[in-house]
Amino acid sequence: MAPTLIKLLSLSDDRDRIFIYMTNQKIEKILKILIFIGLLGLITIIFSQKIELTSIDLGRHLENGKIIWQNPQVLFTNFYSYTAPLFPFINHHWLAGVIFFLVYQLNGFISLAIFNVIIALISFSLFFNLAKKKIGFYITALLSIPIIFLLSERVQIRPEIFSYLFIALTWYILERASEKRNYRLVYGLIPIFILWVNIHSYFFLGLALIGFKATVKFITPFLAGQGGRQRLTAGWSSSKNYFLALIIIALACLINPNFLNGWLYPFNIFHELGYDVIETHSVFDIEKLIIDYNIPLFKFYLLLLTASWITYWLTAKKLKLFNLLITILFTSLALLAIRNITIFALVSLVIISDNLAWPVSYLRKKYFFSTTLKRTLKLSGAVVILIIIISGTGYLMSDEQHNSNFIKSTLGWGLRDNNDGVARFFNDHKLSGPIFNNYDIGSALIFWLYPQEKVFIDNRPEAYDPSFFTNIYQPMQLNKDKWQELSQQYKFKTIIFTHTDYTLGGQTFLQSILTDPDWTPVYFDYSSIIFLNKLNNDKNLIERLTLSKEEIANRIRTLAASTDLRNMNQLAYLANLTGQVDLATEISYKILSIYPNNRYALSSLGLVYFNDKTKDNLLKALDFFNKSAQAGNKLPGIYNRIGLIYQWLGDYQQAENNFNKTLKIDKKNEAALYYLSEIKKNKLYNKIWLDNNFPAPK
């Protein structure tokens, strides 16, 4: 009886343990699903930002997809510009335009936005899966969170989104080929690369991955062998299939409209550009110019990547050559140009996971040997990750309303409010060219106005001779005489310009044209403005459309009353630009009444008072600039203005302190160096007077 009871109790305990185990497994599975859905949710939020067509390339891509079958010249020449229509241009992303246009046909910009989100989600999932195989689900999930925020650097609809996907697919297939010891799987990449070479110039990164794999396959047996010939034979035997696949895939990349020139394009794209494109600058240059919270995040991840390599070396005492080559390539690209920090982040997720896999496995075996402890750590870790994801979601929603650190546009799908208003106004009032437009809006005008009108310039610097920028485009914005000369030569009837163009040329030109008696403003919205030439357009049209100063003020006030924070800040800036100082002040104060620490509104008010150099207003400007800096606007321009105010007020020590703050950010800042030299001259001048018993000049 007793043994039977003990046996029954034992069976009962086993059933309980099995039940508990199955319950825990089910809970863990649910938590994993929730975490992964949460990660995908973060990506969806970050990529669900309304399209600012007036500042990106998308319009031109769509027009390419629309007309490419009707006029193949778009593949080989500038084509859309009346200033350089025959200038040779390699349209390396033509197929992306075809795909975008087909998607656009479904439901306009909304379907394009959804498509962009889907490609981003698939790309991330592939990189996540590659990393998860190395180190497990939970650590991969934790490492993914900062990467997802870094993706906010490049969320607009661009052909490079396909490169994220194709790099992940190439890596995934190479991994599968190694796991299954079946090199033939690599040939499955041929159709991918034929698409890739016609979609985006980063196909060379995929070729590099295959080349790295072939190199590792050669070097490993080569180093292990004995004797020169034996080593070469062993290395070649191990790697020849991969090298052969690389050659065949590289030859397949010649299947593009520009043949060899298209194949070589990635190596020539930024050669001798006449225009300074901000996305091609390094992170170290960019952080001196704009506020970008992705830069410190990138530096953190770069540090984490470095630490993972050091940890792996100290524990495993060896290097994984394939990973090392990938690290060198993608880190170099990210350091050279800020546009590459997103793909760097995705690739680093896999590298860091692989580097930490061995030390993490060692720690698990040594310290977490208890099954109960492992389970407890997994469940508690899962809960912590979920809390971080939920907090991150809340932060992003708040960021969209307050600071725009990672969410740069309004959340949603489709175009931003009235983003196409400038085109509707142009067409509704039957305006015509020749049009002078700025670099930023060129691609949007191509989409809206071609073939009715061609553009003066668009945002393809490689599609214009460098001399066009240095001798025509930039001088005509900076020099009034040059503008007069060239405007007569081209007989401009209309100017379409984005007042969000913060380049020196753009701002100088807008300030100049607003006071030019030959031009009158007839339309503006949150990003764009139209001017008509009084001499080259019908007099009745000019009289009917010209906006008076009062009408400009009323329209700015009306727009500001029914829009989001970003547009309000831009309208405050436009009011200041058009001489409506009181209105700029009114809008900025309205912003601060809702968001007291908005750095842009604080800076805008600082500029208003800074321009009126009375002592009381200088003190007000000083207060607003300091508050803007405290709110995160730590840029050279802010500290230089603060330094200048102190210099004008006679406080040379504080002036020096602020100019030195500028130099900590940008060691070669010309303005700060000049102002410091002037202060030293003044101090020396005062000392000479005092040493000779004269009172110092005031």
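Structure above, values below:
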read-out	value
Identity of the residue in region 415-447, among the aromatic types (Phe, Trp, Tyr) and within 19 Å of Phe492 (Cα to Cα), that ends up surrounded by the fewest Cβ atoms within 10 Å (Cβ to Cβ)	Phe425
Looking only at region 484-509, and only at residues there that are modelled with pLDDT of 90 or more and hydrophobic (A, V, I, L, M, F, W, C), the one that is nearest to the chain's Cα centre (by Cα)	Phe497
Residue identified as farther than 25 Å from Lys132 by Cβ and part of a helix (DSSP H, G or I) among Val216, Val186, Val197	Val197
Region 301-349, residues that are hydroxyl-bearing (Ser, Thr, Tyr), surrounded by 14 or more Cβ atoms within 10 Å (Cβ to Cβ) and under 22 Å from Ser152 (Cα atoms)	Tyr301, Thr327, Thr331, Thr342, Ser348
Among the candidates Ile90, Ile119, residue that is more than 19 Å from Leu386 (Cβ to Cβ) and within 22 Å of the chain's Cα centre (by Cα)	Ile119
Wholly within region 360-476, helices (runs of 4 or more DSSP H) carrying at least 1 residues that are in contact with a Lys or Arg (Cβ under 9 Å, 6 or more places away or on another chain) and within 30 Å of Glu543 (Cβ to Cβ)	442-449
Failed item, numbered, when Thr546 is tested on (1) within 31 Å of the chain's Cα centre (by Cα); (2) under 25 Å from Lys430 (Cα atoms); (3) among the β-branched types (Val, Ile, Thr)	(1)
Members of region 312-335 that are under 23 Å from the mean Cα position of the chain (by Cα) and within 15 Å of Ala208 (Cβ to Cβ)	Ile326, Thr327, Ile328, Leu329, Phe330, Thr331, Ser332, Leu333, Ala334
Residue under evaluation Asn107, criteria (1) in contact with a helix residue (DSSP H, G or I) (Cβ under 9 Å, 6 or more places away or on another chain); (2) assigned to a helix (DSSP H, G or I); (3) touching a residue at least 40 places away in the same chain (Cβ under 8 Å); (4) not aromatic (Phe, Trp, Tyr), criterion not met	(3)
Qualifying residue in region 674-686 (condition: modelled with pLDDT of 85 or more, closer than 30 Å to Asp285 by Cα and surrounded by fewer than 15 Cβ atoms within 10 Å (Cβ to Cβ))	yes
Region 126-155 residues that are under 17 Å from Phe344 (Cβ atoms), paired with ones that are outside any helix (DSSP H, G or I) (beta carbon under 6 Å, 6 or more apart)	Phe149/Phe406; Ser152/Phe406; Val155/Gln49
Long-range neighbours under 9 Å by Cβ, at least six apart or interchain, first residue without any contact (Cβ under 8 Å) to a residue 24 or more places away in the chain within region 293-314, second surrounded by 12 or more Cβ atoms within 10 Å (Cβ to Cβ) and acidic (Asp, Glu)	Pro296/Glu287
Residues within region 56-104 that are within 24 Å of Ile161 (Cβ to Cβ), in a helix (DSSP H, G or I) and polar (S, T, N, Q), tallied	1
Pairs where the first residue, in region 387-411, is free of Cβ contacts under 8 Å to residues at least 60 places away in the same chain and within 15 Å of Asn569 (Cα to Cα) and the second is in a loop (DSSP other than H, G, I, E, B) and among the aliphatic types (A, V, I, L, M), C-beta under 9 Å, 6+ apart	Glu400/Ile407
Every pair of residues 6+ apart whose Cβ atoms lie under 7 Å, when the first sits in region 516-545 and is touching a residue at least 40 places away in the same chain (Cβ under 8 Å) while the second is among the small types (Gly, Ala, Ser)	Asp525/Gly421
Which numbered condition Ile645 misses (of (1) free of Cβ contacts under 8 Å to residues at least 24 places away in the same chain; (2) of a type in the set (A, V, I, L, M); (3) under 29 Å from Tyr589 (Cα atoms))	(1)
Boolean, Gly108 is buried (at least 21 other Cβ atoms within 10 Å of the Cβ) and not acidic (Asp, Glu)	no
Residue within region 636-656 that is surrounded by 16 or more Cβ atoms within 10 Å (Cβ to Cβ), of a type in the set (Gly, Ala, Ser), within 30 Å of Leu559 (Cβ to Cβ) and touching a Gly at 6+ places or on another chain (Cβ under 8 Å) present	no
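The values are calculated or read from the model by the stated rules, or taken from the named source; none is laboratory data. Since the structure is predicted, the reported quantities are computational estimates derived from the model, not experimental observations. For neighbour counting, all protein chains shown are included, and Cβ atoms are generated from backbone atoms with ideal geometry for every residue, glycine included.
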